Amino acid sequence: MTNENFIRARKDSKESFGDIVLKQIRRILQIGSEIDSQKKYIQSVENLGILLLPYADEEIKEKKTYEEFYKIMNSIEGTETLIEKYKEDYSNYKKIILKDHEDKSEEYNGYIKTYMGELELRYAKYFFSELNLLLQRVEYLKSSVYGDGFDEGAEEDIEDKDE
C-alpha cells in the first residue's frame, strides 16, 4: 500500500488514533499469551513504540528508552548492550550450560542463542511497560477508555457519594 493509499484509507476510516493504539496494545497482550510468539511480540511492541514516538515526554527521553530499545533490537552492538544490561543473569546461564558443554559445541551455541532471545523478550516487556507508563503520564488514552464525555469532576462526585 502506498503512502497516498494509506492516507486515503485512514481518512475514510472511523477509527481514531487512540483506537489504533488500543488495538495495538490488545494485540501485544494477545500475542504475549501465545506459545512461540516471541518475534511477533517484540515486533508488535516495536510498532507501538513507533506509533507513540511523537508523544514521548521528557521522562522517557531522559531515560533514552527508545534509543536503547531500537539499538538492542536492531543492531550488532545491541547484543553487547543486552548482555551488559543482564550481565549477571547471562554469566550465570553460561556457567550452567558450560558444565554440560565444555567443548562449546553447536548445541551449546544453540542454548546461548535461545537464551539471547529470552533476554530480548524480557527487554521488550520492559519497553512495553515503559510505553504504558508513558500513556498514563500523558493521559493519552483517557478519552479512549472513558469516552469523549469523561468529566473528572463527575468521577470525584461518585467517589464522594461512596464515602
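The values are calculated or read from the model by the stated rules, or taken from the named source; none is laboratory data. Note that the structure is a prediction, hence the values are computed from the model and not measured. For neighbour counting, all protein chains shown are included, and Cβ atoms are generated from backbone atoms with ideal geometry for every residue, glycine included.
General observations
- Exclusive hit being without any contact (Cβ under 8 Å) to a residue 12 or more places away in the chain and of a type outside the set (A, V, I, L, M), set E59, E67: E67
- In the condition set (1) at pLDDT 90 or above; (2) within 24 Å of E80 (Cα to Cα), I112 is compliant with all but (1).
One line per residue, one yes/no per condition, for (1) surrounded by 15 or more Cβ atoms within 10 Å (Cβ to Cβ); (2) hydrophobic (A, V, I, L, M, F, W, C):
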residue: D36; (1), (2): no, no
residue: V45; (1), (2): yes, yes
residue: L48; (1), (2): yes, yes
residue: E58; (1), (2): no, no
residue: K61; (1), (2): no, no
residue: T65; (1), (2): yes, no
residue: I72; (1), (2): yes, yes
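- Qualifying residue in the range 12-29 (condition: outside any helix (DSSP H, G or I), under 17 Å from the mean Cα position of the chain (by Cα) and modelled with pLDDT of 90 or more): no
- In the range 54-71, the qualifying residues are those that are charged (D, E, K, R) and part of a helix (DSSP H, G or I), and the one that is nearest to K125 (Cα to Cα) is E68.
- The range 115-141 - residue that is among the acidic types (D, E) and under 17 Å from G32 (Cα atoms) and, of those, modelled with the highest pLDDT: E130
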